[in-house]
Amino acid sequence: MDRINHYFPHLTEQQRTQFETLLRLYPDWNQRINVISRKDIENLEVNHVLHSLALARFLPWVPGTRVLDLGTGGGFPGIPLAVMFPDVQFHLVDRIGKKLRVAQDVAQQAGLQNVTFQHGDIKEVKGEVDFVVSRAVMPLADMVPLVRRLISPVGHNGLPNGLICLKGGDLQSELQPFKRTALVDDLRNYFEEPYFETKKIIYLPLHR
């Protein structure tokens with residue numbers, strides 16, 4: 001919890017307890033189901049929880065915002081964000097049922113009331129959301145056509161509704177089709193750990 005407390009010193013006691021629950025449960029689950037690389041589970045707090053929380057630094061959502069986490073796997077970035085924003089609704093979607101069950105169990109044991117889950121393909125999702133988030137799931141050119149229909153035209157936050165992705169590495173070619181609309185933010189602006197040197201947030205405003 002040292003790094004989380006360092007960057008988010010104003011957490012409530014409930015939020016601290018919930019983050020501690022996450023940090024306890026994921027290693028236990030990972031021994032049974034490989035949710036996180038076994039080499040990387042010891043870096044859970046920084047490389048997974050804090051990485052997810054970069055979105056909280058980028059755009060603090062207002063209460064009532066609806067967020068869909070595409071390809072959530074075991075619950076990243078959706079579960080840490082649900083702890084950070086208890087008044088925001090999160091819908092976590094993944095095609096791999098066993099990983100989604102981990103996310104469901106973690107959410108239940110952490111007492112999260114603002115998370116729903118869907119086992120299946122993004123094409124099966126109905127309704128509207130304000131933002132779609134993802135963590136290195138697929139190239140932007142593949143993702144945008146899949147999620148555009150879900151984005152509500154009515155926004156309530158500091159940025160227009162759209163897609164926010166956590167990505168790393170050289171993104172020049174991937175961003176080329178979106179260079180006029182994409183906003184790229186370096187995570188080293190938020191966090192000092194070496195892990196974040198090459199990590200970025202990509203934001204794309206979307207409308208139908």
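Read the figures in this text as sums done on the coordinates, not as results from a lab. All values reported here derive from a predicted model rather than from experimental measurement. Note that each Cβ is placed from the backbone with ideal geometry, even for glycine, and that neighbours are counted across all protein chains shown.
A few comments on the model shown:
- Other residues within the sphere of radius under 11 Å centred on the Cβ of HIS119, judged by their own Cβ, net out at +1 (K and R +1, D and E -1).
- Computed from the C-beta positions of LYS126 and PHE178 and an R0 of 35 Å, the FRET efficiency is 0.85 to the nearest 0.05.
- Beta bridges per DSSP, both residues in segment 49-205: antiparallel share near 35 percent.
- Computed over neighbours whose Cβ is under 13 Å from that of ARG66, the net charge equals -3, Lys and Arg +1, Asp and Glu -1.
- Trypsin sites (Lys or Arg not before Pro) within segment 88-178: DSSP coil, no more than 16 neighbouring Cβ in 10 Å: ARG95, LYS126
- Hz values of 3J(HN,Hα) by residue in segment 92-104 - Karplus curve (6.51, -1.76, 1.60), Gly and Pro given as x: 9, 10, 7, 8, 9, x, 5, 6, 5, 5, 4, 4, 4
- Sequence-separation-based contact order of the chain, relative, with Cα cut under 8 Å and 6+ spacing, percent: 18
- Per-residue ellipticity at 222 nm computed for the chain from its helices equals -9000 deg cm²/dmol, with DSSP H segments shorter than 4 residues left out and the rest contributing -39,500 (n - 2.57).
- If you count Lys pairs in the chain whose Cα atoms are under 16 Å apart, skipping same-chain pairs closer than 8 places in sequence, the total is 4.
- Rg to Rh, two decimals, where the chain supplies the alpha carbon set and Rh follows Kirkwood: 0.93
- Length-normalised contact order of segment 81-133 in % [C-alpha pairs under 8 Å, at least 6 apart]: 44
- Once you reduce segment 39-73 and segment 129-185 to the center of their Cα atoms, the two points are 15 Å from each other.
- Cβ-based exposure ranking for MET143, MET84, MET1, in which fewest neighbours within 10 Å come first: MET1, MET143, MET84
- For segment 23-35, the Karplus equation 6.51 cos²θ - 1.76 cosθ + 1.60, evaluated at θ = phi - 60°, returns couplings of 5, 8, 7, 4, x, 5, 5, 5, 6, 9, 10, 6, 6 Hz by residue, with Gly and Pro reported as x.
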